[in-house]
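The values are calculated or read from the model by the stated rules, or taken from the named source; none is laboratory data. All of these numbers come straight from a predicted model, not from anything done at the bench. In this analysis, Cβ positions are derived from the backbone assuming ideal geometry, glycine residues included, and neighbour counts consider all displayed protein chains.
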Amino acid sequence: MVLASANTRLRPILESGLLLDAKLARIALSANEPALAQIQLAWWREELRRDRSDPNILPPDPLLASLLSAWTTSKSGLVALVNGWEELVGGPPWEPSVGDALAKGRGALFEGLADQLGYSDCAPAAAMHGVMWARADFACFNSLDPSRPPKLPRLPRELRPLAIIGGLAARAFKRGGQPLFGDRLSPFVALRLGIFGA
C-alpha cells in the first residue's frame, strides 16, 4: 500500500530502502551466530561506502544493485540503517539505547530519502516519521517505551508514503506496540494518511 501510493520518482528509492531494512532485520534478528551476523552487516556497510570508479557497472547482488542505482547521492542514511540494526544482533532483552540506535538509523534513512528527492528542508520532518516507525517496531519485540510519541509533522505530497509509515507506527505505538497493520481499520488509516498526510 505504501509503495502503491508512491510516484515513479519516489518508488525505486523507497522500495530499495525498505527492502534493505527487511534484509538487515532478518540478519540481525534471526542469526544463530552473532559473529556471522556482524560479518554480514559489515559487508553491507562496506559495499554501500565503497567508491566505485564506474557507477554503470553494478554488483551481482540484486538488492545492492538496486540501492546503488536508486540512491545516486549520499548513502549515509543507508549506512546509518546498517549501524542501527547491528545494535540488535544478539537478541533480546535489549537496553533502551538499542532502540535509540534503530531509531537513529531509520530516521537517517527517511532523511536521506527526502534529501535525495530535493526536499532538504523537510528532511528533519521525514526523519521523525522514520524514528516513529523504529519506536513502534521496537515496542513489538521489547518492553514498551512509556513516553508519549511526538506529534508527527505533515510532509509534502510526494513524501506522503513516509507519512503512511510514520502515522501507522504512531497509531500502533499508542495501542500498546501492535504491528503497523494490526487491525482491520489499519488500511483505512493508511489511505487517509496517503490522502491528507496526517
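Structure notes:
- Being of a type in the set (G, A, S), within 21 Å of W133 (Cβ to Cβ) and surrounded by fewer than 18 Cβ atoms within 10 Å (Cβ to Cβ) holds for only one residue in S74, S53, S66, and it is S74.
- Any hit, the stretch 74-84, residues being within 27 Å of A114 (Cα to Cα), in a helix (DSSP H, G or I) and of a type in the set (V, I, T): yes
- Restricting L162, L113 to residues that are in a helix (DSSP H, G or I) and in contact with a Phe, Trp or Tyr (Cβ under 7 Å, 6 or more places away or on another chain) narrows the list to L162.
- Which numbered condition A35 misses (of (1) in contact with a Pro (Cβ under 9 Å, 6 or more places away or on another chain); (2) farther than 24 Å from F110 by Cβ): (1)
- Residues being exposed (fewer than 14 other Cβ atoms within 10 Å of the Cβ) and among the aromatic types (F, W, Y) - total across the stretch 177-195: 1
- Restricting the stretch 166-176 to residues that are surrounded by 17 or more Cβ atoms within 10 Å (Cβ to Cβ) and in contact with a Lys or Arg (Cβ under 9 Å, 6 or more places away or on another chain) leaves a set whose member that is nearest to A6 (Cα to Cα) is G167.
- Pair list, Cβ < 7 Å and 6+ apart or interchain, from the stretch 173-192 residues that are within 21 Å of R160 (Cα to Cα) and without any contact (Cβ under 8 Å) to a residue 40 or more places away in the chain to residues that are of a type in the set (K, R) and outside any helix (DSSP H, G or I): G182/R175
- Of the residues making up the stretch 5-33, those that are exposed (fewer than 14 other Cβ atoms within 10 Å of the Cβ) and part of a loop (DSSP other than H, G, I, E, B) number 5.
- Considered as a group, the residues in the stretch 147-196 that are basic (K, R) and more than 17 Å from L14 (Cβ to Cβ) include one that is modelled with the lowest pLDDT, and that residue is R148.
- Filter result for S74 (closer than 30 Å to P187 by Cβ and in contact (Cβ under 8 Å) with a residue 12 or more places away in the chain): no
- Members of the stretch 88-118 found to be within 11 Å of A134 (Cβ to Cβ) and without any contact (Cβ under 8 Å) to a residue 60 or more places away in the chain, listed by number: V98, G99, D100, A101, L102, A103, K104, G105, G107, A108, F110
- Flag for A125 being modelled with pLDDT under 95, surrounded by 18 or more Cβ atoms within 10 Å (Cβ to Cβ) and among the hydrophobic types (A, V, I, L, M, F, W, C): no
- Among the conditions (1) over 30 Å from P187 (Cα atoms); (2) part of a loop (DSSP other than H, G, I, E, B); (3) touching a residue at least 40 places away in the same chain (Cβ under 8 Å); (4) out of contact with any Asp or Glu (no Cβ under 9 Å at 6 or more places or on another chain), S69 misses just one, which is (2).
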